[in-house]
Amino acid sequence: MNNFVNIVLLFMLSNTPPLLFDFGSKKMETNWYVVNDDVMGGLSTSSMIESTNSIVFKGTISLKNNGGFASIRSPRKSYDLSAFKTISLRFKSTGREFGIVLERYNRFYRPTHQLVFSSDSNEWVTATFPIKTFKERVLGKETGNFIDIETLKKIERIGIILFDKKEGAFSLEVDYIRFD
């Protein structure tokens, strides 16, 4: 019996608790902010609005002046995601392809890692993806590389981006993002 208790305690102590960005009922994340293509001369617009049980990220993508993206991002801080195997998010959208972005560097021209998700049902969806499927991108183009353990140890910012290069309105409602 004593060995069983020791095994259970060891498992509990070695099990990393999830990293949760809860935009829903707990309202743990209210300090995310909008970054649009206007930082480079584009004309896309978006906003992030807190609702009772989520955040709503919506706006209009414009391709004028070489534009084409809108995003919401966490504040910069140090995230070690190396112990996590999956990422889950609960969301609903109007059918556009969004990306979850993991940034290691503070410079726009350095690599980021992105994972694309979408749903056209406008109903709540919970999607779970292996973290190892995040693809490296440099200046918007995939390199063919996937995220590695060293990068996961040094993430500086997490975000959601719409970068499908299609003009028009969009809406994405997010309850939570969870790393397990």
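How do the peptides 169-177, 75-83, 141-149 rank, highest first, by the average count of neighbouring beta carbon atoms within 10 Å per residue? Walk me through the intermediate numbers first.
On the way: 169-177: 19.7, 75-83: 13.6, 141-149: 12.0.
Ranking, from highest mean packing down: 169-177, 75-83, 141-149.
Suppose R0 equals 35 Å. What FRET efficiency, 1/(1 + (r/R0)^6) with r the Cβ-Cβ distance, do Thr126 and Asp38 give to the nearest 0.05? Let's see the in-between values first.
On the way: r = 32 Å, r/R0 = 0.93.
FRET efficiency, Thr126 to Asp38: 0.60.
What's the ranking of 97-105, 61-69 by average number of surrounding C-beta atoms within 10 Å, highest first?
On the way: 97-105: 19.9, 61-69: 17.2.
Top to bottom by mean Cβ count within 10 Å: 97-105, 61-69.
Mind giving me the FRET efficiency for Asn106 and Thr60? R0 is 22 Å, r the Cβ-Cβ distance, nearest 0.05 is fine.
On the way: r = 28 Å, r/R0 = 1.27.
The value I calculate is 0.20.
So if each residue of separation counts as 0.36 nm, and I subtract the Cα-Cα distance between Leu139 and Leu20, what length gain in nm does that give?
Numbers: separation 119, 0.36 × 119 = 42.84 nm, distance 2.80 nm.
Separation in residues times 0.36 nm, less the Cα-Cα distance, equals 40.0 nm.
Which lysines have a Cα lying under 16 Å from the Cα of Lys165, excluding residues fewer than 8 positions away in the same chain?
Correct list for Lys165: Lys58, Lys64, Lys141.
Starting from the Cα of Lys135, draw a straight line to each of the aspartates and glutamates and keep only those under 17 Å, dropping any in the same chain fewer than 8 residues away.
Once the sequence-local aspartates and glutamates are set aside, what remains near Lys135 is Glu97, Glu103, Asp148, Glu150, Glu156, Asp164.
Only the coordinates and a few stated rules stand behind these numbers; no lab work does. The model shown is predicted, which means the values in this text are computed figures rather than measured ones. No Cβ is skipped: glycine too gets one built from the backbone with ideal geometry, and neighbour counts run over all protein chains shown.
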